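Novice: Before anything else, here's the structure in question.
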Amino acid sequence: MSKQTTDTFWTETLYSAYGQRFRVDEVLFEEKSEHQHLLIFRNEQFGRVLALDGIVQTTERDEFIYHEMLTHVPLIAHGSARRVLIIGGGDGGILREVCRHSTVEHVTQVEIDQSVIDLAKTWFPGHSDGAYDDARANIVIGDGFDFVQTTQDRFDVIISDSTDPLGPGEVLFSKDFYAGCQRSLNPGGLLVTQNGVPFMQPGELSNTAARLSKLFRDRRFYTAAVPTYIGGVMTFAWASDNPDLAQVDIDTLTRRWLSQHIQSRYYTPELHQAAFALPRYLLDMLQTGYPAACD
Ligand code: SAM
């Protein structure tokens with residue numbers, strides 16, 4: 001059992017001075033893969049929980065919030081995305097939500113750790129919900145950083161569903177990764193990324209803002225509150241060379257959303273628009289570059 005686990009509780013180690021703990025009702029799986037430490041356990045409040053290197057990645061109870069907002073906001077804003085790239089996303093939640101869009105013709109997912117996919121299929125079948133067998137899905141086991149530097153494919157929307165900027169996920173927050181994504185986008189394409197909880201990880205927000213601003217014409221953030229990503233709202237980074245994508249009116253968003261006939265549990269067109277309204281402390285953080293953004 002990993003060091004964070006006592007007889008009955010597992011404590012997340014993302015932050016040294018603050019954290020959440022889960023009662024471990026049953027350990028389902030634990031292993032050190034080539035890339036990271038994998039732990040899956042059952043908790044009465046959140047169902048099954050996946051932790052990588054001591055950090056909560058996803059839970060059965062609240063995964064819908066994150067996966068719906070990281071998928072439907074870019075796809076509905078784009079309006080005609082045929083080819084989608086997912087970086088990371090081994091649990092399959094993003095792939096499931098992308099495949100619910102009948103207009104998507106092809107989706108490539110680049111995941112560094114086959115173990116995460118295999119475990120998610122076994123222990124979190126609801127996350128992928130069969131999407132790994134979707135004829136449109138092309139699964140690549142590899143480093144997403146390398147993929148976007150070299151692929152000859154082009155995509156309309158790129159979704160980076162990575163771990164935090166630690167270990168294998170760190171490169172997915174670098175300027176060179178964002179530049180690789182930009183080269184891999186079709187004209188007018190859109191990149192969105194999970195970008196942490198800025199109240200707890202302010203540097204992640206300002207660093208991403210500084211790096212994206214040097215590459216893309218339009219860079220902004222939107223938010224959602226995910227219970228197990230503790231410390232306040234989490235942000236999603238948005239980057240495109242087509243500023244119009246962020247200005248789509250509510251009637252168009254609604255029409256596009258209704259045309260997909262997707263039953264959501266969190267996403268609505270109204271929330272899509274509202275999610276880009278940031279609280280003052282985040283606007284100030286972006287204004288002042290707290291802490292000094294590094295390259
Ligand atoms: N929703 C979670 C969050 O916000 O923290 C992330 C979920 S998903 C489990 C994160 C995935 O990113 C993992 O499957 C991990 O193996 C993968 N990953 C980490 N670094 C990667 C890299 N450089 N290339 C591709 N996948 C990577």
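Novice: Normalized C-alpha radius of gyration of the chain, against 2.2 N^0.38 Å?
Specialist: Working: Rg = 18.1 Å, N = 295, 2.2 N^0.38 = 19.1 Å.
Its radius of gyration relative to the 2.2 N^0.38 Å reference: 0.95.
Novice: Treating the angle as unsigned and between 0 and 90°, give the value, to the nearest 10°, between the Cα long axis of helix 175-184 and the longest Cα principal axis of the chain.
Specialist: 50 degrees
Novice: Hey, another quick one. Just give me a number: lysine pairs in the chain, eight or more positions apart or cross-chain, with C-alpha atoms less than 29 Å apart.
Specialist: Close lysine pairs under the 29 Å cut-off: 4.
Novice: Now a separate question. Please list 134-142, 206-214, 149-157 highest first by mean number of surrounding beta-carbon atoms within 10 Å per residue.
Specialist: Top of the packing list down: 206-214, 149-157, 134-142.
Novice: Gly231: net charge of surrounding residues, Cβ under 15 Å, Lys/Arg +1, Asp/Glu -1, itself excluded?
Specialist: Result for the neighbourhood of Gly231: -3.
Novice: Which value, in nm² and rounded to one decimal, describes the direction-averaged projected area of the C-alpha convex hull of segment 137-242?
Specialist: Values: hull surface 27.2 nm².
Averaging across all directions leaves 6.8 nm² for the Cα convex hull.
Novice: To test your reading of the geometry: what angle, between 0 and 90 degrees and rounded to tens, separates the Cα axis of helix 202-213 from the longest principal axis of the chain?
Specialist: Around 30 degrees separate the two axes.
Novice: So which residue, out of Ile158, Ile40, Ile262, gets the largest mean-square fluctuation from a GNM of the chain using Cα contacts under 10 Å as springs?
Specialist: Ile262
Novice: Taking the 0 to 90 degree range and rounding to the nearest ten, how far is the long axis of helix 63-78 tilted relative to the main principal axis of the chain, both from C-alpha atoms?
Specialist: It works out to around 10 degrees.
Novice: While we're on this one: Which value in nm describes the separation of the simple spin-label points at Phe276 and Asn186, placed 7 Å from the Cα toward the beta carbon?
Specialist: So the label points at Phe276 and Asn186 sit 2.1 nm apart.
Novice: Right, another one. Per DSSP helix of 4 or more residues, -39500 (n - 2.57); summed, then divided by the residues of the chain. What does that give at 222 nm, rounded to the nearest 500?
Specialist: -9000 deg cm²/dmol
Novice: Just for the chain, what percent of DSSP beta bridges are antiparallel, to the closest 5?
Specialist: The antiparallel proportion sits near 60 percent.
Novice: Continuing with this model, one more query. Could you work out the local net charge near Glu105, counting Lys and Arg as +1, Asp and Glu as -1, over the other residues with Cβ closer than 15 Å to its Cβ?
Specialist: Surrounding charge for Glu105 is +2.
Novice: Could I ask something else about it? Points 7 angstrom from Cα along the Cβ direction at Tyr18 and Glu44: gap in nanometres?
Specialist: 2.7 nm
Novice: On to the next question. Need the full-extension length gain, Gln263 to Val140, defined as separation in residues times 0.36 nm minus the C-alpha distance. One decimal, nm.
Specialist: In short, 41.4 nm is gained.
Novice: Can I ask one more? With +1 on each Lys and Arg Cβ and -1 on each Asp and Glu Cβ, and nothing else charged, work out how big the dipole of the chain is about its Cα centre, in Debye to the nearest 20.
Specialist: Charge dipole of the chain: 700 debye, to the nearest 20.
Novice: What are the ³J(HN,Hα) values, in whole Hz, obtained from phi via the Karplus relation 6.51 cos²θ - 1.76 cosθ + 1.60 with θ = phi - 60°, for each residue of segment 144-152 in sequence order, with x given for Gly and Pro?
Specialist: x, 4, 5, 4, 6, 7, 10, 4, 9
Novice: Loop-only check: which GluC sites (Glu not before Pro) in segment 1-70 are DSSP coil with at most 15 other Cβ within 10 angstrom?
Specialist: Glu34, Glu44
Novice: Another question, then. Per 0.36 nm of contour for each residue apart, how much would the distance between Arg61 and Leu28 grow if the chain were fully extended, relative to their Cα-Cα spacing?
Specialist: 10.2 nm is the gain from fully extending Arg61 to Leu28.
Where a number appears in this text, it was derived from the coordinates with a stated rule and is not lab data. Everything quoted here is computed from the prediction, not taken from an experiment. Backbone-built Cβ (ideal geometry, glycine too); neighbour counts: all protein chains shown.
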